[in-house]
Amino acid sequence: MRRYIWVTLAFTLLAVPAGYAYVHWAKSGPGAGLYSREWKPEALHAYWDPDRFYQSPQILQGEFKGEECIVCHSAVTPGIVNDWRASRHADPGQGKQTVYCSACHGSNHQALHMPTPKVCAQCHENRVAQFMDEKRYGFPSHALAMERAVDAKHFADKPKAEVAACLQCHSVATKCDSCHTRHRFSAAEARRPESCVTCHSGPPHPDDDSYFASAHGKKYLAEAARQDWSKPLAKGNYAVPTCAYCHMHEGRHQVADKTIWKFGLLEVNPNTSGNEVRRAAWVKVCSDCHEAGWSAQQLKGLDSERKQAWVKLYRAEHLLKDLRGDNLLHPGPRERPPYPMDAMEKFLPRARIGYYDGQASAFYNTSPIERDYFEMWYFANLGAYKSAAHGDAAAVGHWHAAMDQSLANMEARAKALRAQGEAEKKSLGRRADPGRLWLDGEYTMHNREHN
Amino acid sequence: MRRYIWVTLAFTLLAVPAGYAYVHWAKSGPGAGLYSREWKPEALHAYWDPDRFYQSPQILQGEFKGEECIVCHSAVTPGIVNDWRASRHADPGQGKQTVYCSACHGSNHQALHMPTPKVCAQCHENRVAQFMDEKRYGFPSHALAMERAVDAKHFADKPKAEVAACLQCHSVATKCDSCHTRHRFSAAEARRPESCVTCHSGPPHPDDDSYFASAHGKKYLAEAARQDWSKPLAKGNYAVPTCAYCHMHEGRHQVADKTIWKFGLLEVNPNTSGNEVRRAAWVKVCSDCHEAGWSAQQLKGLDSERKQAWVKLYRAEHLLKDLRGDNLLHPGPRERPPYPMDAMEKFLPRARIGYYDGQASAFYNTSPIERDYFEMWYFANLGAYKSAAHGDAAAVGHWHAAMDQSLANMEARAKALRAQGEAEKKSLGRRADPGRLWLDGEYTMHNREHN
Amino acid sequence: MRRYIWVTLAFTLLAVPAGYAYVHWAKSGPGAGLYSREWKPEALHAYWDPDRFYQSPQILQGEFKGEECIVCHSAVTPGIVNDWRASRHADPGQGKQTVYCSACHGSNHQALHMPTPKVCAQCHENRVAQFMDEKRYGFPSHALAMERAVDAKHFADKPKAEVAACLQCHSVATKCDSCHTRHRFSAAEARRPESCVTCHSGPPHPDDDSYFASAHGKKYLAEAARQDWSKPLAKGNYAVPTCAYCHMHEGRHQVADKTIWKFGLLEVNPNTSGNEVRRAAWVKVCSDCHEAGWSAQQLKGLDSERKQAWVKLYRAEHLLKDLRGDNLLHPGPRERPPYPMDAMEKFLPRARIGYYDGQASAFYNTSPIERDYFEMWYFANLGAYKSAAHGDAAAVGHWHAAMDQSLANMEARAKALRAQGEAEKKSLGRRADPGRLWLDGEYTMHNREHN
C-alpha cells in the first residue's frame, strides 16, 4: 500500500511542474496563446497585442526628446499631434510635467513600442489596478478578453480575417485606447456610450441596439448635447443614464463584480447571497433616478426572463442529446472535421452539439438542426438577455419569438431525423456517408490552409 | 305574430343590460381588460397602468409638503430632483405657483400615486383633451393603445414577458411621460424624434428606421444641434422635418385625424372625400418646404405603393383560403391549440389563417406556410408602408422584394401541400395526426402555465 | 479578295452611323434610357431627372425678379426661404451678387426648371468639372449613376415603385442637392457623413452600418459636436475621420480615382502599378492620424479579405455552372420569363445564373439555389467588402460566415438536384414542367402590367 502512495506522490511532483513547463513551452511559439506553435495571426495583430507582436518601424534612427517628436510629427501626422495638444498630457496643469510621445512610446525611434496598460499604469496606477482586478471574476471580463480568446482551441482554427475581427475588440485587455481614443485620451469621451458600443454591438451582444432602443438610450440621444461630460460619474451628476454611469459607477474600472446573470451565458441561481449583494448594488445605482422598489421589480423581471429562456434552451439541448444518444445526428462524429488542434479527437471523435459542446463547430459546418440550436443559443438567447437587461422591451419579444421559432424548427427536424432513422433501420442500416461535404466544408477548407 | 314581437323585445331589453353587466363583471377581476379574471400581468404592469395596479410603497408614514419632498429626495434620488429643478414645474414664471412632487403624487407617503393623464389635465386641460379626442378615430391611436390591447384575447394568451414588452409602449395611453420624460417634462425634448422612436421602432412599425434612413432623417441628424427646439411646431420655425413637426403640427396632440391609409393595416379607397380632406391637410404641412404639386405627387406615389401591396396580400390570402377550403392546411383545426380564452373554440375549432383570422396564432405554432403569410403581412407589408410613407426609398424595394419572396415560398409550399393531399387521397386518407407538436408547442406550453 | 475588303468597309461605314442613329432613336422615346420607348417612369421621376421629365407648374403667370420670389414664398413656403436666407447665396460677401431663386429656377413662373449640375456649374465650374471627370473611370461612379441605371435592361423590367426607389439615389448624377441639401447648400453640412449615408446605406452597400460601427464612426458620434465643419477637408483640420475626409480629400469632387477593389464587384489584381499608385494615395490620407506602415498593413488586410471572398464566390459559381451544363437547374431556360426587353431571348432562352449572368432575374423568380448565390454575391460579398474597407471588424466575420452558410446550402441543394436528376434519367426523363409559377411569378406579373 505504502508503495502506491510514494508512486502517486512522485508522479504528482513530476506532473505539476511538467504541466507548467508544457504550458510555458506551448505559449512560447511564434503565434499567440496555448496554440502559439500551430498558428500565427495576421500582421494587424501587432497592434492588438503589441507586447507580443509589435515591431518598431526602422525608417529613422536616433534618440529623440519629446519636443522633437512634436516638431516632426506636426508635419507628418498632424491629426494626432492636434489630438495630443488638446489632451491633458500636453497641458497637465500647474506643477505637473508635460507627457510627451516619448513617455509612452520610448525615445529610440528604432525601438518604439505601443503602450499597454502597464505603460499607462506608470501614472494611472489606480484605474489600471481596478481594471486588472476583474481577473478575479473570470471571463467574460475586459481584463481577460485577449488571453482567454487566444488560448481557445477554436481561435487557432478560424479564418484569419475572422480572428482579426474578434481580436480587434478583445484587445481591450491589452491597450487602454480601446475606450480612451488616442491621442486625446479624454475621460469625457470615454464616458459616452459611443466609446463602449464600438465593441459592444451586434450579435451576440447587442448592447448597442438594446441600449439605444430603450427609454434610457432615447433620452441620451435627445439630451447628450446638454450634458457636461467632464463631470465624474457620481450620483446626481448625470441627467442621462449611460453604459458607464451604470456599469462603471464612480468611475471604477471594474465592471465584472455586479454581474448576476453571467451575461446570459450561464444559468444561475439569482437568489444566492452573493447575487443579493450584487442586486443591492444595482438598486443603489438605479435609485439616482428611480424608486428603490421599482428598480428591484425590474431586476425581478430579468430573473423571470432568464428562467423562461432556460426552459427553452434546455428543451432544445435535450432534444439534441437524445438524437445524439440514438446516433441520429447527421453528419455523425466521423463525418465532420475534428478540431485541428485536438489530436485526441482524431482517435475518439464525438458528436459535438453546437455551442453546448464546443463553440467553433457551431459557427460553420453544422447540420441544420445544430445551426438552429446555435442561433437560438448564441443570438436569440443572448439578444433576449441584453434586451431585457437594457430595457428594450420590443426586442425581448422579438428574441423570445425567435427562440420559439428555432425550437419549433428543431422539433420538426428532429421528427424527420427520427423517421428517417427508423426507415433506415428497416432497410439498409445507417444512411450513406454524406460525403466530403462536411469534412472538406468551408470552415475546414478555408482555415487549415491559411493558418 | 304579435307574441313574437313581445318576446324579442323582452329579450332585447334583458340582453342589453346583461351585456353591460357581463362586461363590467369581466373587467373587474384582478387582472386587466375583458379577460381580467383569467390572467394577471407582471408586477411591472403597476407602472404601465398605475390607476389599476400601482400600490404605494409603505416604507414611510406621514403627510409631506412639496418642499419637504425635495429636501429628502435631493439625497435619496438626486437625479430626478435635478430634472425637476430644470423644469418649468420648479420655476413656472412670475405669479405662478411652483408645482411640487405632491401636486402630482399626493402628499400622503403611504398612499402615493403615479400620475395619469387625468392628473396632468388639471393644468394641461387642452392638450389632454386633444389627446383623448383620438378615441373618436378608433385604434390604432395613442389614446386607445392600452384599452384595446388588454381587451384583446391574445393578450391574455401571451407569455408575460412579452405582454410586459407590449404594454411598456401601449402605456402611452395611461401616462404622459412616455413622451415628456419625467421629471423635466420638457416640451423641447418631446418635440424631438427620439421621444417618438422609443416606441415607434422595429417591426411591425419601423418608423425609426424609415425616418432616419430618409433624406428628412439625415437632415435631422446633421442639423439637429443648430435647431432651436423651444420654438412651437409652426410653419417656418423648423429647418428639420421631424415626427412631431409633420404629425403634431402646431402642437396638436391629436395624431389620428390625418390618417389616410390606416397605417397599412387596412385596404382603403384613397380617394374618398374624407381622404381628400386628409390629403389636403398633408400637403399643407409639406408645403412649408415643398411645392404643393410635388407633395401631392408623393402622396399619389403612396397610393400606388399600397395598391401594389394589396394585390400581393390578396393573392396570398386566397391561396391560404383555398387550401383551408380543401382541408389541406397542416396542422388542421383540431391539431392546434384553441385560444385559451375562447371556450367556444374548443367545441367548434376552425383553421385560423395567420393574421387574417386572428393575430396570436400567427406569432407562434403556425405551419410554415402560415408563418410566411404572417411575416409577409405583418413585417414586410407594414414595413413597406412605413418606408414609402417616410421616404426611405431603398427599404420600399427591400420590403416589396420580401413580399415577393414570401409569396413565391407560399406558392411552392401550397403546391407541395396539394401534391401531398392528392397522394393521401389515393392511399390512406388524411395523413397521420402531426402529434402533440402544435398543441403543446412553445406558445401553448410557455404561456398557459405562466399566466 | 479585294471585293471583300470593299464590302466589309462599306458595311462598317454604314453600321457605325446606323448604330448611333439607333441609340439616338431608342433614347428619344417618352421614357428614359436605351429602352425609353418601352417604359415610362413614375411621375416622381420628374424630380430625379428634371432635364428630361420636369414640367413647370402652371398655377401662376408672369416673369418675376428674385426679390419678388422671396416676398411671395416667405408666406407660401417659409421653410425653404429661411434655408436660403441662411445660405451664402443670400449673403455671398462683399462685392458679390446675391443669388436669388430666379438665378437657378428661371424667372418665368410658367417655365420654371429644376437645376441640374449644368446650372450649378455656372458658378461652381471647378467642382462640377471634378464631378464629371468621374465618367472617365466608368461605373460605379456618381457621375454615371443615372445614365447607366436607366440604360440597363432590368430597369425597364422592374416594378415602378422599385425603379423610383433606385432612382432617388441614382439622381446624384443629375442634381447637386443630393448632398448639398436645398436651399442652404451648405458645404459644412455636405462634409458630414449624414449627407453621404442618405444613399450609402443598407444592402448591398452598407457604408452607413460599416462606418458607424467602426472605431472611426464611433469617434465621429462622440466628437462631431466639437468639430468645426466649416474647415476645408485638409490635413490636420479634422479630429474625426468621415466619408468626405477620406474619399473627397481636399474637397475634390472626384471619388472614383482611388478605387482599388472596384467596390467588391470585380476581382482585381491588387498589385498592378495603377493600384500601387492608388494605394499610396490612400496611405497618404490615412497618415494624417496613422503611421504609414500601419495604414499599408490595413490595406493588405483588405487584399486578403478579397482573396478569401473570391475563392468562395468562384466555388459557388462553378457549382452552378456545372448544374447548368448538366441541365439540372430548375426552372430551366424555357420555364422562366425572358427579359421583356430582350427579343432575342424569346428565341434563344438561356439558363441565366443569378447575378453572374444578369442581375434582374436574380432578384425575383429564381430557384432556391440561385437565390442563395444571389444573396451570397450581392449581399454577403459586398457587405464583407464594405465592412473590411471601413473597419467594421465584427461585420467582416458576420458576412463571411453568411457566405459560408450560403455555400453550404448551395452544396446541399446541388447534391439534391443531382440525385433528383439521376432518378429522373432512370425513370421518366426530365421532370415535369414546374408549371406557370416562374413564368407568371411575382416579378413578371407585377411588372409587365405596370410598366
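The values are calculated or read from the model by the stated rules, or taken from the named source; none is laboratory data. In this text, all values refer to a predicted model and were calculated from it rather than measured experimentally. Positions of Cβ are backbone-derived with ideal geometry, glycine not excepted, and every protein chain shown enters the neighbour counts.
Screening residue B:61 on (1) polar (S, T, N, Q); (2) outside any loop (DSSP other than H, G, I, E, B); (3) more than 30 Å from residue B:146 (Cβ to Cβ) shows it passes everything except condition (2).
Being closer than 30 Å to residue A:78 by Cα, modelled with pLDDT under 90 and crowded, with 22+ Cβ neighbours inside 10 Å is a property that residue A:198 has. In the condition set (1) of a type outside the set (Gly, Ala, Ser); (2) surrounded by fewer than 23 Cβ atoms within 10 Å (Cβ to Cβ); (3) more than 14 Å from chain C (Cβ to nearest Cβ), residue B:227 is compliant with all but (3). Please find, among C:55, C:94, the residue that is surrounded by fewer than 14 Cβ atoms within 10 Å (Cβ to Cβ), within 14 Å of chain B (Cβ to nearest Cβ) and polar (S, T, N, Q). None of the others qualify; the one that does is C:55. The number of residues in segment B:365-391 being at the interface with chain C (Cβ under 9 Å from one of its Cβ atoms) and not in a helix (DSSP H, G or I) comes to 1. Scanning segment C:276-292 for residues that are among the β-branched types (Val, Ile, Thr) and within 14 Å of residue C:249 (Cβ to Cβ) yields C:283, C:285.
State yes or no: is residue C:294 within 11 Å of chain A (Cβ to nearest Cβ) and closer than 22 Å to residue C:237 by Cα? Steps first, answer last, please.
Working: within 11 Å of chain A (Cβ to nearest Cβ): yes; closer than 22 Å to residue C:237 by Cα: yes.
Spelling it out, residue C:294 is indeed within 11 Å of chain A (Cβ to nearest Cβ) and closer than 22 Å to residue C:237 by Cα.
For (1) buried (at least 17 other Cβ atoms within 10 Å of the Cβ); (2) modelled with pLDDT of 90 or more, each residue gets a yes or a no:
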residue: A:107; (1), (2): yes, yes
residue: A:123; (1), (2): no, yes
residue: A:132; (1), (2): yes, yes
residue: A:156; (1), (2): yes, no
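Condition check for residue B:74 on (1) surrounded by fewer than 19 Cβ atoms within 10 Å (Cβ to Cβ); (2) of a type in the set (Ser, Thr, Tyr); (3) touching a helix residue (DSSP H, G or I) at 6+ places or on another chain (Cβ under 7 Å); (4) under 30 Å from residue B:34 (Cβ atoms): one failure, at (4).
Could you check segment A:86-154 for helices (runs of 4 or more DSSP H) lying wholly inside it with 1 or more residues that are assigned by TED's automatic domain parsing to the domain that holds residue A:63 and over 25 Å from residue A:32 (Cα atoms)? Step through it out loud before you land on a result.
Working: elements: A:101-105, A:117-121, A:125-133, A:145-150.
Hits in segment A:86-154: A:101-105.
Looking only at segment A:1-52, residues that are assigned to a loop (DSSP other than H, G, I, E, B) and surrounded by fewer than 18 Cβ atoms within 10 Å (Cβ to Cβ) come to 7 in all. Taking residues in segment B:69-97 that are of a type in the set (S, T, N, Q), and partners anywhere that are surrounded by 13 or more Cβ atoms within 10 Å (Cβ to Cβ) and part of a helix (DSSP H, G or I), the pairs with Cβ atoms closer than 6 Å and at least 6 places apart or on different chains are B:74/B:81.
For residue A:274, indicate whether it is modelled with pLDDT under 90 and surrounded by fewer than 19 Cβ atoms within 10 Å (Cβ to Cβ). Considered against the rule, which asks whether it is modelled with pLDDT under 90 and surrounded by fewer than 19 Cβ atoms within 10 Å (Cβ to Cβ), residue A:274 comes out as no. Here residue B:226 meets the list (1) modelled with pLDDT under 90; (2) under 16 Å from residue A:225 (Cβ atoms); (3) touching a helix residue (DSSP H, G or I) at 6+ places or on another chain (Cβ under 6 Å) almost entirely, failing just condition (3).
Candidates A:30, A:117: the one that is closer than 16 Å to residue A:147 by Cα and at pLDDT 95 or above is A:117. Applying the criterion of being part of a loop (DSSP other than H, G, I, E, B) and among the small types (Gly, Ala, Ser) to the residues of segment C:180-204, the residue that is farthest from the other protein chains (Cβ to nearest Cβ) is C:186. Please verify whether segment C:266-278 includes one or more residues that are touching a residue at least 40 places away in the same chain (Cβ under 8 Å) and more than 10 Å from every other protein chain (Cβ to nearest Cβ). Yes, segment C:266-278 has at least one match.
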